[in-house]
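The values are calculated or read from the model by the stated rules, or taken from the named source; none is laboratory data. All values reported here derive from a predicted model rather than from experimental measurement. All Cβ positions, glycine included, derive from the backbone under ideal geometry; neighbour counts span all protein chains shown.
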């Protein structure tokens, strides 16, 4: 606990220093080591997609649970760093820092069930890459190439993980936001979206493995809301408090942003809105959906630590989040949540 409190000085991660990255790794290891030594059991897939077949029928039966936990946590840490780098590159904040990466690590520790190897973990880098391509649409010299890339990434993601269908309307909304009144580009993106499915179905047909129904999502809605015990209620309140704090600070900063930066932020927030229904539809996709939802949540939560004049309250809140992450991780490992 003393090591966590020592590392829990948020001002450290506001510095533009590459030597801060090892500190982030140490913090992540302190928060997530218990899931390596006591990995969460694998659960049968319910969301559908090629990733479910790969994970459940191959990796989960061949690799040891502890090694799978190492892979999952490594993807989380590397995705947080790349996401942080991407937002800094596009000047989404007034200064460069590692706060977004730290926020993502803490959020995935608060929702500790996300440590389990599941499709949402694998889709993290795909989603970040998709978001990057969307931001490139603004005043790009060759927008059609970017439009094709967006369609290919979204189409491949849908084959790998069926609830990624929720990203398709987000792609159309983003294209309308960045490139309004370009109907031909909408058609081009839709065609490129179907191309990965055409390639997979052609391969199955030529190899006598024709089974198109396996690639069509089964939308089994959540029939009854899960029972929220005090642990989940506490986590929900803490998460909402953090997001409300970040959103209020973001609204203040939004008035001083350039048009391109403001558009990028709208893309980010709309990503969260389109991902949110996947927590409950299809059923059994909660942790996969929350894993992707934590990307925009970490970007928004970063603004809770943006005020340079309130370092004392920010450090107290940061320490509180670290302690809460440890408590909720203990609850998940002991099947309280």
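Within this structure, residue 337 fails the test of being free of Cβ contacts under 8 Å to residues at least 40 places away in the same chain, surrounded by 15 or more Cβ atoms within 10 Å (Cβ to Cβ) and more than 19 Å from the chain's Cα centre (by Cα). Could you give me the residue pairs with C-beta distances under 6 Å whose first residue belongs to segment 306-325 and is within 14 Å of residue 246 (Cα to Cα), whose second residue is crowded, with 19+ Cβ neighbours inside 10 Å and at pLDDT below 80 wherever it lies, and which are 6+ apart or on separate chains? Cβ pairs passing all conditions: 314/10; 318/8; 318/10. The set of residues from segment 82-125 being modelled with pLDDT of 90 or more and surrounded by fewer than 19 Cβ atoms within 10 Å (Cβ to Cβ) comprises 82, 85, 86, 125. In this structure, residue 250 does not qualify as in contact with a helix residue (DSSP H, G or I) (Cβ under 6 Å, 6 or more places away or on another chain), within 30 Å of residue 333 (Cα to Cα) and assigned to a helix (DSSP H, G or I). Here residue 144 fulfils each of the conditions (1) assigned to a loop (DSSP other than H, G, I, E, B); (2) closer than 30 Å to residue 188 by Cβ apart from (1). In the set 292, 269, only one residue is buried (at least 18 other Cβ atoms within 10 Å of the Cβ), in contact (Cβ under 8 Å) with a residue 12 or more places away in the chain and under 25 Å from residue 13 (Cβ atoms); that residue is 292.
Restricting attention to segment 293-337 and to residues that are within 28 Å of residue 116 (Cα to Cα) and part of a loop (DSSP other than H, G, I, E, B), the residue that is modelled with the lowest pLDDT turns out to be 337.
The requirement of being modelled with pLDDT under 85 and assigned to a helix (DSSP H, G or I) is satisfied by residue 261.
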